[in-house]
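Remarks on the structure that follows.
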Amino acid sequence: MPEPAVLTLRGISKRFGAVQALKDFDLEVHAGEVVALVGDNGAGKSTAVKSIAGVNPPDEGVIEWEGRAVSINRPHDAQNLGIATVYQDLALCDNLDVVGNLFLGRELRRLGVLDEVRMEQRSRELLNTLSIRIPSVRIPVASLSGGQRQTVAIARSLIGDPKVVILDEPTAALGVEQTAEVLDLVERLREHGLGTILISHNMVDVMAVADRIAVMRLGRNNGFFDKRSTTTEEIISAITGATDSAVTRRQARKREEER
Amino acid sequence: MRRDRAPGDSAAQEPAPDAVPAVDSRLLVREEGIRGYLGEFRRKLRSGELGSLPVVVAVIIIWTVFGSLDSTFLSAQNLSDLSQQIVGTGMIAVGIVFVLLLGEIDLSVGSVSGLCAAIFAVLNVLNGMNQWLALLVALVGGAAVGLIQGFFFAKVGVPAFVVTLAGNLAWNGLMLQVLGTSGTVNIPSESIVSKLYSTIFHSPAAAYVTAAVGVGLFLAASLLDARRRRTARVPYRPVAEIVLRTVVIAAIAFVTAYILNQYQGLPLALLIFLIVLVILDFVLRRTTYGRRIFAVGGNIEGARRAGISVPFVRMSVFSICGFMAAVGGIFLAGQIQSASQTSGGGNLLMNVIAAAVIGGTSLFGGRGSVWSALLGALVIGSIQSGMNIMGVSNAVQFMITGSVLLAAVVVDSLSRRSQKAAGRA
């Protein structure tokens, strides 16, 4: 891509006690691009995300925002730059309605009083532009389905007009139809020019929406792949760290048997 | 509170030009008019969103039973007395509602109310301090006590139940210390504290004007809100529904005013209680601070990630609870015109927690309203008043009040379970 990346990570390292969770990790996210971050459990995906989101600042390395170096030491720093994170547990308040959740922590006020009308108006606009289908913005989040809750959580991250959105396993607990809803939403984020980092275990989801795929293994980069010129097998072998993996062996054996 | 529904009149039924219907086709949409109202009501009952319905039914049953057993129960005099007697308990219960919204409990409110009454009595009556200043010291003392307990809960991380249980004993000890050898301090009837409780506006106009102002404010606020919503093209309450609600509220307000006027008139204590309820209801539902209390009660981690300072919310809520305990203690002291070693003891703690829960505020946090303090205090007060008229012994009263509290908690637990089953919790 010709334009500079919105977010660039260079040589990020993070140690927890005796564990080198992240070592010389690089990542680039451009506007209007979905970057999938994949890797086995413990590969360092969460650590990488937490260093971007300001939860666990990195020990070494450079984070560049729109070409200039920044330091992200607190979640607040990340939010102020325009990085929004949707964690796996969503952190929605079940007892509040959709509007209450969308604007939680940044309520609109009029004369010091909550401006419910304007918040409701803006909520509807936001949900409409993202084509999110919610029965009503005035029902408690508790009564929404898992997919709807996920979309509400993603919509909430967009209230502050971020430029980069990090989605941590957004489809992990969802059914087929709901997963489709969330993937649609990820594509709409791209259409709106946002950079998206998608963490996922599900190769089908990743191949469906990602533009680029960054593979992590044992806390390091293990290859960047362009969706158009790669295969699921190639990525899986990068994740497992060997072309000679259980999967490829099985496939080879099957081919033998077929012959 | 507010329910989405399609706008009622034909002019607004044309969809906004850019409005994509964000509605799932499987969603059950409420019907128009009275039928829709009833249908929604039935659906809520089935899914366990009982709201204040059980408590209203409870009041009706209690009043019918005691009224049929002894006609003096429903006399204007007894009901007027009742409206004063519930204020002390109700004020403390309001503070408990705030703490319950966080999903926590404060077991020290009884002792705190007694302590603050003792502080006032000793400062004003024994040491001759200006009565307003003494009142201020007592109220600030209550808030400070709450803040201290909130600190140990929010910052140190001791469970609220343990902090306030320790407080229950410690503040009771401090009260005994403050009262010293005197034991009981009588509060003269011309004292501000006595007057707060006993003043009654004898003019019939007072009660009616209060009712009219309350109803008028409600109607004006509802209409203004509906108009703003309509111009903003978001769902609003149709005028017919607003009128219906206003009529119901007006009926309750004016019947209450009529009954009060049948006896002596509008008690100042009741008026203050209602004003406090309106203000705190506004704080809870219409301000950022109130929204934060609900958020912390709903999901602590969610609130924290949204940038809400959870320790601040917790400490301030415990401080409000301590303050309201002090206010309630002052009214209770005014009622018996003394502060004594038994102030704030007995079954007061049980009664205020029962009042808050019976009124419909959930023990599990995040759901409730300050009006449950009024409704719950009314239930508890009615039971006690009725049993006193019937000459029922204390032993039986305790057992019955305990059973009512258990019943309220059972209703709360069951409704939470069916709400979960219906996907509303």
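Among the residues of the range B:213-245, those that are under 22 Å from residue B:378 (Cβ atoms) and touching a residue at least 12 places away in the same chain (Cβ under 8 Å) comprise B:214, B:215, B:218, B:245. Listed by first and then second residue, the pairs linking a residue in the range B:282-297 that is more than 17 Å from residue B:94 (Cα to Cα) and more than 8 Å from chain A (Cβ to nearest Cβ) to a residue that is crowded, with 22+ Cβ neighbours inside 10 Å and among the charged types (D, E, K, R), with Cβ atoms under 9 Å apart and 6 or more places separating them unless they lie on different chains, are B:296/B:314.
Is it the case, given these coordinates, that residue B:107 is at pLDDT 95 or above, surrounded by fewer than 24 Cβ atoms within 10 Å (Cβ to Cβ) and either closer than 25 Å to residue B:364 by Cα or hydroxyl-bearing (Ser, Thr, Tyr) (or both)? Judged against the criteria, residue B:107 is a match.
Assess whether residue B:218 counts as being among the aromatic types (Phe, Trp, Tyr), surrounded by 15 or more Cβ atoms within 10 Å (Cβ to Cβ) and more than 30 Å from residue B:150 (Cα to Cα). Answer is yes for this residue.
Going through the range A:156-172 one residue at a time, which ones are over 15 Å from the mean Cα position of the chain (by Cα) and at negative phi? A:159, A:160, listed by residue number. Among the residues of the range A:175-208, just one is assigned to a loop (DSSP other than H, G, I, E, B), crowded, with 21+ Cβ neighbours inside 10 Å and over 9 Å from the mean Cα position of the chain (by Cα), namely A:194.
Residue count for the range B:294-344 satisfying the condition of being surrounded by fewer than 22 Cβ atoms within 10 Å (Cβ to Cβ), over 30 Å from residue A:98 (Cβ atoms) and polar (S, T, N, Q): 6.
Consider the range B:221-247 and keep the residues that are of a type in the set (D, E, K, R) and closer than 28 Å to residue B:271 by Cα. The one that is surrounded by the most Cβ atoms within 10 Å (Cβ to Cβ) is B:241.
Annotation for the range B:372-389: no member residue is under 30 Å from residue B:173 (Cα atoms), of a type outside the set (Gly, Ala, Ser), in contact (Cβ under 8 Å) with a residue 60 or more places away in the chain and in contact with an Asp or Glu (Cβ under 7 Å, 6 or more places away or on another chain). Whenever a residue of the range B:396-425 is within 14 Å of another protein chain (Cβ to nearest Cβ) and closer than 16 Å to residue B:53 by Cα, its partners that are loosely packed, with under 13 Cβ neighbours inside 10 Å and at pLDDT below 80, lying with C-beta atoms within less than 8 angstrom and at least six residues away or across chains, give the pairs B:418/B:46. Of the candidates B:359, B:328, B:344, the single residue that is over 27 Å from residue A:115 (Cα atoms), modelled with pLDDT under 95 and within 17 Å of the chain's Cα centre (by Cα) is B:359. Condition check for residue A:151 on (1) among the hydroxyl-bearing types (Ser, Thr, Tyr); (2) part of a helix (DSSP H, G or I); (3) under 13 Å from the mean Cα position of the chain (by Cα); (4) within 30 Å of residue A:241 (Cβ to Cβ): one failure, at (4).
Is at least one residue of the range B:347-368 away from chain A (no Cβ under 13 Å), free of Cβ contacts under 8 Å to residues at least 60 places away in the same chain and not in a helix (DSSP H, G or I)? So far as the range B:347-368 goes, yes, one or more of its residues are away from chain A (no Cβ under 13 Å), free of Cβ contacts under 8 Å to residues at least 60 places away in the same chain and not in a helix (DSSP H, G or I).
To keep it simple, each residue is scored yes or no on (1) over 22 Å from the mean Cα position of the chain (by Cα); (2) at pLDDT 90 or above; (3) closer than 20 Å to residue A:126 by Cα; (4) facing another protein chain (nearest Cβ under 10 Å).
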{"residue": "A:67", "(1), (2), (3), (4)": "no, no, no, no"}
{"residue": "A:73", "(1), (2), (3), (4)": "no, no, no, no"}
{"residue": "A:78", "(1), (2), (3), (4)": "no, no, no, no"}
{"residue": "A:92", "(1), (2), (3), (4)": "no, yes, yes, yes"}
{"residue": "A:99", "(1), (2), (3), (4)": "yes, yes, yes, yes"}
{"residue": "A:102", "(1), (2), (3), (4)": "no, yes, yes, no"}
{"residue": "A:105", "(1), (2), (3), (4)": "no, no, yes, yes"}
{"residue": "A:111", "(1), (2), (3), (4)": "yes, no, no, no"}
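Residue B:176 satisfies every condition listed in (1) crowded, with 16+ Cβ neighbours inside 10 Å; (2) more than 22 Å from the chain's Cα centre (by Cα); (3) of a type outside the set (Lys, Arg) except (1).
Among residues of the range B:153-172 being over 16 Å from residue B:109 (Cβ atoms) and without any contact (Cβ under 8 Å) to a residue 24 or more places away in the chain, the one that is nearest to the chain's Cα centre (by Cα) is B:159.
Listed here are the residues, each with its yes/no results for (1) aliphatic (A, V, I, L, M); (2) in a loop (DSSP other than H, G, I, E, B).
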| site | (1), (2) |
| --- | --- |
| B:226 | yes, no |
| B:237 | no, yes |
| B:242 | yes, no |
| B:275 | yes, no |
| B:290 | no, no |
| B:296 | yes, no |
| B:317 | yes, no |
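Being more than 7 Å from chain B (Cβ to nearest Cβ) and buried (at least 22 other Cβ atoms within 10 Å of the Cβ) is true of residue A:116.
The values are calculated or read from the model by the stated rules, or taken from the named source; none is laboratory data. The shown structure was predicted, so the numbers you read here are calculated from the model rather than taken from an experiment. Note that each Cβ is placed from the backbone with ideal geometry, even for glycine, and that neighbours are counted across all protein chains shown.
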